[in-house]
Amino acid sequence: MVVYSAKNLTSRAQARGLLAVAVREMWGLSPLPEIARQEGGKPFFPEHENFHFNLSHSGELALCALDSLPVGADIQIVKQWRPSLPGRVCSSEELDWLEGQPDLWPAFTLVWALKEARAKESGRGLTSSIRDIRVPLPGEGDARLDGLWFRTWTGPGWAAAVCGHNPPPEQIVQSCCW
């Protein structure tokens, strides 16, 4: 698995530009192959079934994960969510963990990114109760749950996560130009 990111995006189309750079660097494919959507909405390359990717963007940020097996990625700008949201979307274990964190909203954003990444890896999206999407509690390094690998990253005002069948990288490849 390889994970790319970009910042200072001024349009949503630039996230697809990040995907094009990543696909060219990882698999040597240029231009970006045709993209179709599975029944659950997950994007894929119909002419390259063994090349899996997932793309996320939030505000001026984008995150892209590529792998040989299904993968999910999510990036979120940290913000203050509705106060009732954690109670509606987190398991009791996740709520207990959140209570022990010094700053609720960055911690909650990490949990949210993990849940989104897992939902996107499956290809089903957020079709079931978000509370029921099982993810490991955020921590340092890789985590394993239900045969899947997870990793989170944070930066000033953002949180990101990936979920896949192969170990995620420690570092995100920063991309700036497309």
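Annotations
- Derived scalar couplings ³J(HN,Hα) [region 66-83; Karplus, 6.51 cos²θ - 1.76 cosθ + 1.60; whole Hz; x for Gly, Pro]: 10, 6, 8, 10, x, 9, x, 9, 8, 10, 9, 6, 6, 8, 7, 8, 4, x
- Using a Förster distance of 30 Å, the FRET efficiency for SER84-GLU34 (Cβ separation, nearest 0.05): 0.10
- Restriction of the GluC sites (Glu not before Pro) in region 4-42 to DSSP coil positions whose beta-carbon has at most 12 other beta-carbons within 10 angstrom yields GLU34, GLU39.
- Count Lys and Arg as plus one, Asp and Glu as minus one, and take only other residues whose Cβ is under 14 Å from that of HIS48; the net charge is then -3.
- 0 to 90° range, to nearest 10: angle between helix 13-27 axis and the chain longest Cα axis: 70 degrees
- Size of charge dipole - region 75-178 - debye, nearest 20, with Cβ of Lys, Arg +1 and Asp, Glu -1, no other charges: 420 debye
- With K and R counted +1 and D and E -1, the other residues having a Cβ less than 13 Å from that of ALA113 yield a net charge of +1.
- Amide H contacts of LEU29: ARG24, each under 5 Å away and 5 or more positions distant or on a separate chain (H built 1.01 Å from N in the peptide plane; Pro and chain starts excluded).
- Label of the coordinate-derived value, percent of Cα pairs over 26 Å apart, listed as [x] 26; [y] 56; [z] 46: [x]
- Cβ-to-Cβ counts within 10 Å put MET26, MET1 in ascending order as MET26, MET1, the fewest first.
- All aspartates and glutamates inside 20 Å of LYS79 as judged from Cα atoms, apart from same-chain residues fewer than 8 positions distant: GLU60, GLU94, GLU99, ASP103, GLU116
- Distance between the 7 Å Cα→Cβ label points at ASP142 and LEU104: 3.5 nm.
- Each Cα pair under 8 Å and six or more residues apart adds its separation to the average, and for region 1-126 the resulting relative contact order is 24 percent.
- Just checking the listed ones, ALA119, ALA36, ALA22: in the Gaussian network model of the chain with Cα springs under 10 Å, the one fluctuating most is ALA36.
Throughout, read-outs are computed from the coordinates displayed, never taken from laboratory work. Since the structure is predicted, the reported quantities are computational estimates derived from the model, not experimental observations. As a convention, Cβ positions derive from the backbone with ideal geometry for all residues, glycine included, and neighbour counts pool all protein chains shown.
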